[in-house]
1. Filter the range 347-369 down to residues that are within 13 Å of residue 318 (Cα to Cα) and assigned to a loop (DSSP other than H, G, I, E, B) and give me whichever is modelled with the highest pLDDT.
2. Suppose we filter 71, 63 for residues that are buried (at least 21 other Cβ atoms within 10 Å of the Cβ), over 30 Å from the mean Cα position of the chain (by Cα) and over 30 Å from residue 203 (Cα atoms); which single one remains?
3. Conditions: (1) in a strand (DSSP E or B); (2) closer than 22 Å to residue 225 by Cα. Residue 410 meets all but one. Number of the miss?
4. Within the range 145-161, how many residues are assigned to a helix (DSSP H, G or I) and buried (at least 24 other Cβ atoms within 10 Å of the Cβ)?
5. Collect the residues in the range 265-300 that are at pLDDT 95 or above, buried (at least 19 other Cβ atoms within 10 Å of the Cβ) and either within 30 Å of residue 317 (Cβ to Cβ) or over 23 Å from the mean Cα position of the chain (by Cα) (or both), keeping them in residue-number order.
6. Might you let me know whether the range 459-467 holds any residue that is more than 20 Å from residue 575 (Cα to Cα) and either at pLDDT 95 or above or touching a strand residue (DSSP E or B) at 6+ places or on another chain (Cβ under 8 Å) (or both)?
7. Condition first: in a helix (DSSP H, G or I), over 23 Å from residue 134 (Cβ atoms), in contact with a strand residue (DSSP E or B) (Cβ under 8 Å, 6 or more places away or on another chain) and not assigned by TED's automatic domain parsing to the domain that holds residue 407. Can you find one or more residues in the range 179-194 that meet it?
8. Just give me the residues in the range 482-507 being touching a helix residue (DSSP H, G or I) at 6+ places or on another chain (Cβ under 9 Å) and in a loop (DSSP other than H, G, I, E, B), in sequence order.
């Protein structure tokens, strides 16, 4: 689990040390000075109205419910007032994201729990608690119904699942309304099964399938980038006392008991054993494709329909942009600081005439299609590694934060590939490691993963792809044939062979460390963590291919000999790559075949076949 020792400055009553208020109080901490200092940090962030302030608001409302008696009276009043004054409806005047899945569940959940806790209070908008209770109830019931029907928009995210799980845990533990609580319980169980079924243990818990939202640290290492490990430990029955606030909401729910002394939320024993199982194939389908909105009755304009699209990050997808701009104008959300680049295009004559759909090449990148559409993710897991691909996902289009191929070799090493959207040294989404200028076509079968990029679609100046391959984190490597596009590595008892177009080469380690601002932003990846070369760049003309083979049986020498005997054929004309293991063939515009037959996994919505 992440080493946050430098943050553990607050000693609890039993000698444990904490880094945040929820952790401190859960450990039995009573020191008033520490409570005030930690509480002020949370409270000030909520008052700042900066991005993710709604996350901190959810932690505070949980603290009021679970540990209200431990909070000094004046601080308690300040927290309550700040939460009552918080904006729970879409509006301008701040710089918070309020529209994606995790934010919507957080905001509506906090609004509901606050109105439930203070039934006679008046909110900052001068509306009574009864109004906000009904408003939040409507939002929660609609949002939870959508999740239960379609799965999660932010599917597979080891970052944002943590936030969504925390919001659901708050609802399950504290909401009194039976219907809301039961829907939240079912949605939370759905997420738990998703996580446990696609997790393996390798010195730590690794959950990193192909996903709809990931930043650089989330994609490359569970050690530094996963925010779901403490919850996984708690789900498996381990006693967890150290956690960040987002992680602690689920941890504390799993410890909570009702008036009858029974646990409020339990994980089936057979699910707890899933990360120990070898030879697993998971095929999940989650979210709604933008092209399906018509069939789902969501194409016509209504604020509720637009809000549905917003949960998938479709605020700037060109296929729903006219409805989005109308909604932003009607609610005042266009004055939100995060949406300021859209203001010139939020003109009634533009969205009423449909001209915005014709202007997509002239407006911000999101108009090219940033929505987290329906993902069909195949994951193969052995006891020691996993291979995951999102089949036919947004092929050739911009990926905003999505990651369509993940090869997880250990707790410390996960591999990924992208076509950079911006040069190294720039931050933001999409960027150098986050998202992708163009999405490849990706597929996987058992321990083999493949993808092909059509570089004709790449932007001028970005006619290259790159692979994350941290040489010095491996125990052994063989990169003597790197110029031929062949890399081999071993970590623990797991071997990997990666093959791409000949002519690729590593960026010097010194250059990456100096210029790669996106990877090291906010110190999420500690300076010097990779210790050497990790950025392997392919500038070949024509389409680019990547083929991964993973093994946990052979010695490294035997694996190298085996890999040398594999045949790989690549056709520029067909944009197709074939690999002799399983006789796999991926054609960019055709089928993915295994043994000469098309391989299409039986993708199921979450909950199907899991006993939910």
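The values are calculated or read from the model by the stated rules, or taken from the named source; none is laboratory data. These numbers were taken from a predicted model, which means no experiment stands behind them. As a convention, Cβ positions derive from the backbone with ideal geometry for all residues, glycine included, and neighbour counts pool all protein chains shown.
1. Here is the first cut: in the range 347-369, the residues within 13 Å of residue 318 (Cα to Cα) are 350-351, 354-369.
Narrowing the set further to residues that are assigned to a loop (DSSP other than H, G, I, E, B) leaves 354, 359, 363-364, 369.
Working: 354: 76, 359: 67, 363: 56, 364: 53, 369: 62.
Out of the qualifying residues, it is 354.
2. Details: 63 fails: over 30 Å from the mean Cα position of the chain (by Cα).
After ruling out the rest, the residue left standing is 71.
3. Just one mismatch for residue 410, condition (1).
4. Of the range 145-161, the ones assigned to a helix (DSSP H, G or I) are 145-150, 160-161.
Imposing the further condition that a residue be buried (at least 24 other Cβ atoms within 10 Å of the Cβ) reduces the set to 147, 160-161.
Selection size over the range 145-161: 3.
5. 265, 282, 284, 285, 286
6. Among the residues of the range 459-467, not one is more than 20 Å from residue 575 (Cα to Cα) and either at pLDDT 95 or above or touching a strand residue (DSSP E or B) at 6+ places or on another chain (Cβ under 8 Å) (or both), which makes the answer no.
7. First, the residues of the range 179-194 that are in a helix (DSSP H, G or I): 179-194.
From what is left, the residues that are over 23 Å from residue 134 (Cβ atoms) are 188-194.
Going one step further and asking which of them are in contact with a strand residue (DSSP E or B) (Cβ under 8 Å, 6 or more places away or on another chain), we end up with 194.
In the following step, the residues that additionally are not assigned by TED's automatic domain parsing to the domain that holds residue 407 were identified as 194.
Checked the range 179-194: at least one residue is in a helix (DSSP H, G or I), over 23 Å from residue 134 (Cβ atoms), in contact with a strand residue (DSSP E or B) (Cβ under 8 Å, 6 or more places away or on another chain) and not assigned by TED's automatic domain parsing to the domain that holds residue 407.
8. The answer is 502, 503, 504, 507.
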